[in-house]
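The values are calculated or read from the model by the stated rules, or taken from the named source; none is laboratory data. Predicted model only: the values in this text are computed from it and were never measured. Note: ideal-geometry Cβ built from the backbone for every residue, glycine included; neighbour counts use all protein chains shown.
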Amino acid sequence: MKKELGIFILLLALCAVTTSINPRFVSQTNLTNMANLIGLFGVFSLGLGLVIITGGIDLSVGSMCALCGVVMSMALTEWNLAWPLAVLAVLIIPMALGWVHGALVTKMRMQPFIVTLCGLLLYRGVARFIANDDTKGFGGGEGFGVLRSIASGKLFGIPMPFVMLVIIGSILWVVLHRSVYGRYLLAVGRNEEAARFSGINTRRVITGSYVIAGLLTGVSGIMIAFYTNSVSPSNHANSYELYAIAAAVLGGCSLRGGEGSIIGIIIGTALLQVLQNLVNLLGIPSSLNFAVMGAVVLLGVMADQMLRRRALP
Amino acid sequence: MDAPILEMRGISKRFPGVVALDRVSLSIAPGEVLALCGENGAGKSTLMKILGGVYRPDEGELLVGGKPVTIENVNDSMALGIGFIHQELNVLDNLDIAANIFLGREPLIAPFQWIDRKKIHADTEPLLKRLGLNIPSTTLLRNLSIAQQQMVEIAKALSQNARIIIMDEPTSSLTLTETDCLLDLIAGLRAEGVSIIYISHRLGEVSRCADRVEVLRDGKNAGGLSRSEIHHDHIVAKMVGREIKSQRVPSEAVKTPGFFKVRNARSSRYPDQCVSFDAARGEILGFAGLVGAGRSEIMKAMVGLDEQGHAEVQLGEKSLVIRHARDSIGNGIFLVPEDRRGEGLVTAMSVRENTTLPSLNSYSTSGIINKDRETAAAKEQIASLRIKTPGAEALVRNLSGGNQQKVAIGKWLAMGPKVLILDEPTRGIDVGAKAEIYKLIRTLANNGAVILIISSDMEEVLHLSDRIAVMHEGRITGVLDEADCNEQNVMQLAVGRPVPAAKPSFGS
């Protein structure tokens, strides 16, 4: 809890500094825009966070997002599927891929890094191949207005991705911090052997986390596709997995597994988005965007290590 | 007596809220074997960590060879000729013996700073000979037994010209024969003038090898015993400050023979051997044998923790199909593994979370955990097992070994064990906690559980068991009834020799 509080204070401080330099930070347009981005990035970061809590990693998130975007666009505009069917497909595909990742990790005892690195390459390639490397969009397409408003509309002025993040975050908070499955996730992440000796089906627990990560990647894949409104398969959602890992680590997840919280991951995502926003608003050259992010993540983790060392006897 | 090579005078060490050491003094002469005894938490480890450079004392002086010294880190300690053999060995099992011995101080060849392999092997061989270890120095550590790996650590200390070697529970993973070898080796080192500080809970070994015993209690010196005074009861009396009654608790159970039947159990360790045995309800069946006899492996195969393992298990009238640990757990067969921290407990979790982990579903409604019920269950175990912990939310890793073990056992008790398998239940646990755990085990048996105990501690097996099954190289060489349970018979069977009194492993 202390950890989340620390990073939350950092977030508030950043917001305050940015506002004092450029009051446009708190304008409604800017806040709405940022909420939208936090939602888009937060949803898949939560999924990846769960994988990280088991001690694994999922590098395939960005490519999977691109694949989802391509399939979504083609299903609606070229194959003329009804939108609920298209959505179903775009949720089932990444879940199935997540299941495959989980099976390879738990049954074949392969390292998650390798498995999902191959996924990263594979799904990007498949996305480019089925799209013939053409940029896909939704055009003036009809018949899926409902989906468009669910994925990129607003509810009481709040962007839908943010609403989705709140809903999904609440559900996952209960799952991770209150449910049997969540306890198993933490136990497996901390000591897989002891969990197995306690009769926990560790394979199912771990595979489950990859499937959930797949599902959430699908959900944000749809939202991101409608947000960008065009999907260029070669660079759509490129390296998004790294944002998610950074957010999870900032939010208190340990890459060794067994540690992390939903609120932490959400605050971590928010912090990264505020940083990008800050780079824009403060007139820092946008080429420094990544450098700023890298530096802040590094400093954040460093501060945490130092505090932790002091806390030990 | 010679002038002491090492003296610690009035050493105190305080941690937040605890005085770990209160003006403790200790001295050791060249070529002396000093046994350091005391219950867990008495301050032995802290005192030794000060010698090893892990902690710095708040007050007091250290003298080596009569000169005051300060030890700020491990290197200082080594430079003063202090070698440390930890209970958990610090070896790299992917490197060979010579590489381990010279780790961090490899002789190099100019100009490219290559390791001088010839030299390290040439230097290692005589060391191994001196220790009576007949193995080439090119052997990978992973191919050695625990006892041999420990020898390598001793060789490492000797290669650094250690004049004082601290051994922390050196025999806790050794078999009886290996223990004998180690004690002989200690006698040899003593004859060469090496001083040894020997920390052990096994008082039999202490009385065999020590010239002098120093006892710590609650962070203070509780008195010393000279060679002629060393006696099991004297040591225990000083350790606990009171006399402990015999640990033997007689069985009061009404036994149901043949209640638990295991047939053709095979482990991946000994795929060509199979094990069959019967155990009665209310019985404590001990499993003795040398380390590596395959006792733990058979138990793991039996409860579904060995994927290549197999066993036919019958409990009461019911034949069980066990493929995963959850199958045996579902049938009330629980294993408390030897490796508490690696397999028995999630030490980064709280006492509450560990207590409820195997039966979490019974503390939850539609998948959501009821924390109040968990806390109540944890508190119940804390009270009934007298677990010393600040509370149910304390992390298990902050408890002492004995209390961790109580949590590791306690997590199964709420689930009503029908068969409880305890693998080395008192390893590294102090005398007081041992007695409590023995009593608990006997109570469980009296209440109708089948108890299987694996122990390499001869005293423990003899004290606890109603019958003893002895294993040798993957099979049961004989089962001893209570009247025939003695050290002689167990040892004979453990090395694979027949004993007339021994019975076959299950009745006709």
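Structure notes:
- Single residue of B:Glu380, B:Glu393 found to be within 27 Å of B:Ala449 (Cα to Cα), among the acidic types (Asp, Glu) and outside the structural domain of B:Val450 (by TED's automatic domain parsing): B:Glu380
- Where B:Val213 falls short, out of the listed (1) out of contact with any Gly (no Cβ under 9 Å at 6 or more places or on another chain); (2) more than 25 Å from B:Pro425 (Cα to Cα); (3) crowded, with 18+ Cβ neighbours inside 10 Å: (1)
- In segment B:439-463, the residues that are in contact with a helix residue (DSSP H, G or I) (Cβ under 6 Å, 6 or more places away or on another chain) and more than 17 Å from B:Leu493 (Cβ to Cβ): B:Ile451
- Residue that is farthest from B:His324 (Cα to Cα), among those in segment B:343-374 that are aliphatic (A, V, I, L, M) and part of a helix (DSSP H, G or I): B:Val351
- Count of segment B:331-372 residues which are surrounded by fewer than 17 Cβ atoms within 10 Å (Cβ to Cβ) and more than 29 Å from the chain's Cα centre (by Cα): 9
- Unique residue being more than 30 Å from B:Gly342 (Cβ to Cβ) and of a type outside the set (Lys, Arg) when the list is B:Ala35, B:Ala122, B:Ala99: B:Ala122
- The C-beta contact set for segment B:323-342 (first residue more than 8 Å from every other protein chain (Cβ to nearest Cβ), second residue surrounded by 16 or more Cβ atoms within 10 Å (Cβ to Cβ) and basic (Lys, Arg), distance under 9 angstrom, 6+ apart or interchain) comprises B:Asn331/B:Lys418; B:Gly332/B:Lys418; B:Ile333/B:Lys418; B:Phe334/B:Lys411; B:Phe334/B:Lys418; B:Val336/B:Lys411; B:Glu338/B:Arg427; B:Arg340/B:Arg427.
- Hey, B:Arg397 within 13 Å of chain A (Cβ to nearest Cβ), in contact with a helix residue (DSSP H, G or I) (Cβ under 7 Å, 6 or more places away or on another chain) and either of a type outside the set (Ser, Thr, Tyr) or surrounded by fewer than 20 Cβ atoms within 10 Å (Cβ to Cβ) (or both) or not: no
- Entirely in segment B:266-321, the strands (runs of 3 or more DSSP E) that have 3 or more residues that are in contact with a strand residue (DSSP E or B) (Cβ under 9 Å, 6 or more places away or on another chain) and over 26 Å from B:Gln488 (Cβ atoms): B:310-315
- Just one of (1) under 22 Å from the mean Cα position of the chain (by Cα); (2) crowded, with 22+ Cβ neighbours inside 10 Å; (3) modelled with pLDDT under 85 fails for B:Leu493. It is (1).
- Checked against the criterion of being in contact with a Cys (Cβ under 7 Å, 6 or more places away or on another chain) and either acidic (Asp, Glu) or buried (at least 20 other Cβ atoms within 10 Å of the Cβ) (or both), the candidates A:Val90, A:Val105, A:Val71 yield just one match: A:Val90.
- When the residues of segment B:186-231 are filtered to those that are hydroxyl-bearing (Ser, Thr, Tyr) and assigned to a helix (DSSP H, G or I), the one that is nearest to B:Glu169 (Cα to Cα) is B:Ser207.
- Segment B:421-441, residues that are of a type in the set (Lys, Arg) and either crowded, with 21+ Cβ neighbours inside 10 Å or closer than 21 Å to B:Ser172 by Cα (or both): B:Arg427, B:Lys434
- Residue within segment B:288-304 that is within 14 Å of another protein chain (Cβ to nearest Cβ), touching a Lys or Arg at 6+ places or on another chain (Cβ under 9 Å), among the hydrophobic types (A, V, I, L, M, F, W, C) and buried (at least 21 other Cβ atoms within 10 Å of the Cβ) present: yes
- Selection of helices (runs of 4 or more DSSP H) fully inside segment A:91-195 by the criterion of at least 3 residues being within 14 Å of another protein chain (Cβ to nearest Cβ), of a type in the set (A, V, I, L, M) and without any contact (Cβ under 8 Å) to a residue 24 or more places away in the chain returns A:160-178.
- Each residue in segment B:84-102 was checked for being in a loop (DSSP other than H, G, I, E, B) and either in contact with a Gly (Cβ under 8 Å, 6 or more places away or on another chain) or free of Cβ contacts under 8 Å to residues at least 60 places away in the same chain (or both), and 7 pass.
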